[in-house]
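All remarks here apply to the structure that follows.
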Amino acid sequence: MSRKKVTISNFVQDSAADLIQLACCYDSEIILENRQYHVNAKSLMGIMAFRPAPGTTINIITDGNDEYEAADAMEQFLVCADSHRRQDSRRGQRP
């Protein structure tokens with residue numbers, strides 16, 4: 001099990017589908033949590049309820065055979081300003 005604490009700097013609700021698509025590229029279980037929520041990053045309903053927003057500090061918890069890669073990819077997506085461009089270039093491919 002891997003755990004990373006990150007502060008979100010790049011996320012809008014329109015990014016939810018891209019975040020879920022990225023999470024689904026990995027076999028590991030991916031959980032996003034803060035004080036109020038503990039959600040599966042592969043769940044649209046979970047992400048919509050979680051409502052990640054810039055400035056929010058969360059934990060990314062991953063568990064599985066590719067947990068470190070999954071945690072790094074999720075962190076990149078949530079904190080990098082150009083993550084959407086990178087995601088678009090990888091769409092449909094395992095990072």
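Every residue, every condition in (1) at pLDDT below 95; (2) among the hydroxyl-bearing types (Ser, Thr, Tyr), yes or no:
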position	(1), (2)
Val12	yes, no
Ala16	yes, no
Leu19	yes, no
Tyr26	no, yes
Asn34	yes, no
Arg51	yes, no
Asp63	no, no
Asp66	no, no
Ala70	no, no
Subset of region 8-58 (residues that are in contact (Cβ under 8 Å) with a residue 40 or more places away in the chain, loosely packed, with under 14 Cβ neighbours inside 10 Å and not in a loop (DSSP other than H, G, I, E, B)): Thr57
Residues of region 25-74 satisfying the condition of being among the small types (Gly, Ala, Ser) and under 16 Å from Lys5 (Cα atoms): Ala41, Ala53, Gly55, Ala70, Ala71, Ala73
Meets criteria (at pLDDT below 95 and small (Gly, Ala, Ser)) for Gly46: yes
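The values are calculated or read from the model by the stated rules, or taken from the named source; none is laboratory data. These numbers were taken from a predicted model, which means no experiment stands behind them. No Cβ is skipped: glycine too gets one built from the backbone with ideal geometry, and neighbour counts run over all protein chains shown.
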